[in-house]
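First the structure, in the form of structure tokens, and then the observations on it.
The values are calculated or read from the model by the stated rules, or taken from the named source; none is laboratory data. Here the structure is a predicted model, which means the values were calculated and not measured. Note that each Cβ is placed from the backbone with ideal geometry, even for glycine, and that neighbours are counted across all protein chains shown. Keep in mind that these areas ignore ligands, DNA and RNA; they rest on the heavy atoms of the full protein, side chains included. Shrake-Rupley method; radii C 1.70, N 1.55, O 1.52, S 1.80 Å.
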Amino acid sequence: MRMSEGVEWALHTCLNLTWVEDDRAVPTATLAAFYGLPSAYLNKQLQALVRAGILTSTSGPRGGFRLARRPEDITVLDVVAAIEGPQEAFECTEILRHGPGGEPGVDYRKVCVIAQTMRQAELNWRRELAGRTLADLKATVEERFPAVPAQTRSGLAGTRD
């Protein structure tokens with residue numbers, strides 16, 4: 001399975017927004033410039049996060065994006081699903097029905113060993129992503145890289161440490 005680069009961009013942007021002080025809205029151009037991303041494409045990802053209730057947006061000169069919920073209430077899976085959509089990664093098309101011994105009345109999605117294996121793998125993957133929140137990511141980054149929060153605040157404020 002391959003996810004779009006929008007997932008990476010969205011996760012990093014959401015994580016960066018956890019360090020913004022005073023619940024300040026950050027403009028798309030500022031968020032995009034932080035990593036040298038194309039502003040228009042990042043904006044599409046951010047709008048998807050707004051539709052999913054992960055971010056809020058404010059228009060106007062002081063406008064921009066901020067987290068809509070506490071970092072503890074936003075899972076990695078929430079962000080992935082907002083960008084990639086909720087559809088399953090593997091779709092069983094029941095090719096066994098057309099092979100030797102295939103039977104028209106059998107639901108091969110339920111009895112096919114390959115379909116079962118792929119479904120279980122996806123459930124495990126989703127469970128893992130659903131079990132990690134932005135707060136978890138934030139805590140890990142702060143533990144491993146203590147300078148990052150201040151660097152991020154400075155970068156998003158238009159200054160560099």
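When the residues of the range 36-49 are filtered to those that are open to solvent by less than 40 Å² (accessible area, probe 1.4 Å) and assigned to a helix (DSSP H, G or I), which remaining residue is farthest from residue 77 (Cα to Cα)? Full working, then the answer.
Step one: list which residues in the range 36-49 are open to solvent by less than 40 Å² (accessible area, probe 1.4 Å), which gives 37, 42, 45-46, 48-49.
Of the ones still in play, those that are also assigned to a helix (DSSP H, G or I) are 42, 45-46, 48-49.
On the way: 42: 19, 45: 15, 46: 15, 48: 14, 49: 12 Å.
Looking at the filtered set, the residue picked out is 42.
Name the residues in the range 55-79 that are open to solvent by 60 Å² or more (accessible area, probe 1.4 Å) and part of a loop (DSSP other than H, G, I, E, B), would you? Scanning the range 55-79 gives 59, 61, 62, 69, 70. Filtering the range 112-161 to residues that are touching a helix residue (DSSP H, G or I) at 6+ places or on another chain (Cβ under 8 Å) and of a type in the set (A, V, I, L, M, F, W, C) leaves 112, 115, 129, 130, 134, 135, 137, 141, 148, 156.
Here residue 74 passes the criteria (1) in contact with a Cys (Cβ under 7 Å, 6 or more places away or on another chain); (2) more than 30 Å from residue 19 (Cα to Cα) except the one numbered (2).
Each residue in the range 41-85 was checked for being closer than 17 Å to residue 2 by Cβ and without any contact (Cβ under 8 Å) to a residue 12 or more places away in the chain, and 1 of them qualify. For first residues located in the range 113-140 and without any contact (Cβ under 8 Å) to a residue 40 or more places away in the chain, partners that are of a type in the set (D, E, K, R) and part of a helix (DSSP H, G or I) and lie 6+ apart or on another chain with Cβ distances below 6 Å form the pairs 115/109. Taking residue 91, is it open to solvent by 40 Å² or more (accessible area, probe 1.4 Å), modelled with pLDDT under 95 and closer than 20 Å to residue 154 by Cα? When the stated conditions are applied, residue 91 does not pass them.
Considering only residues that are within 17 Å of the chain's Cα centre (by Cα) and outside any helix (DSSP H, G or I), which ones fall in the range 80-134? If the condition is that a residue be within 17 Å of the chain's Cα centre (by Cα) and outside any helix (DSSP H, G or I), then 85, 86, 87, 88, 89, 131, 132, 133 are the ones that fit. Which of the residues belonging to the range 11-29 are surrounded by fewer than 17 Cβ atoms within 10 Å (Cβ to Cβ) and closer than 11 Å to residue 65 by Cα? Scanning the range 11-29 gives 23, 24, 29. Taking the criterion of being exposed (fewer than 11 other Cβ atoms within 10 Å of the Cβ) and not polar (S, T, N, Q), the residues of the range 111-149 that qualify are 113, 127, 143, 144, 145, 146, 147. Residues in the range 4-21: is at least one outside any helix (DSSP H, G or I) and either without any contact (Cβ under 8 Å) to a residue 12 or more places away in the chain or among the small types (Gly, Ala, Ser) (or both)? Checking the range 4-21: at least one residue is outside any helix (DSSP H, G or I) and either without any contact (Cβ under 8 Å) to a residue 12 or more places away in the chain or among the small types (Gly, Ala, Ser) (or both).
Can you tell me which residues in the range 94-110 are open to solvent by less than 90 Å² (accessible area, probe 1.4 Å) and of a type in the set (D, E, K, R)? Within the range 94-110, 94, 97, 107 qualify.
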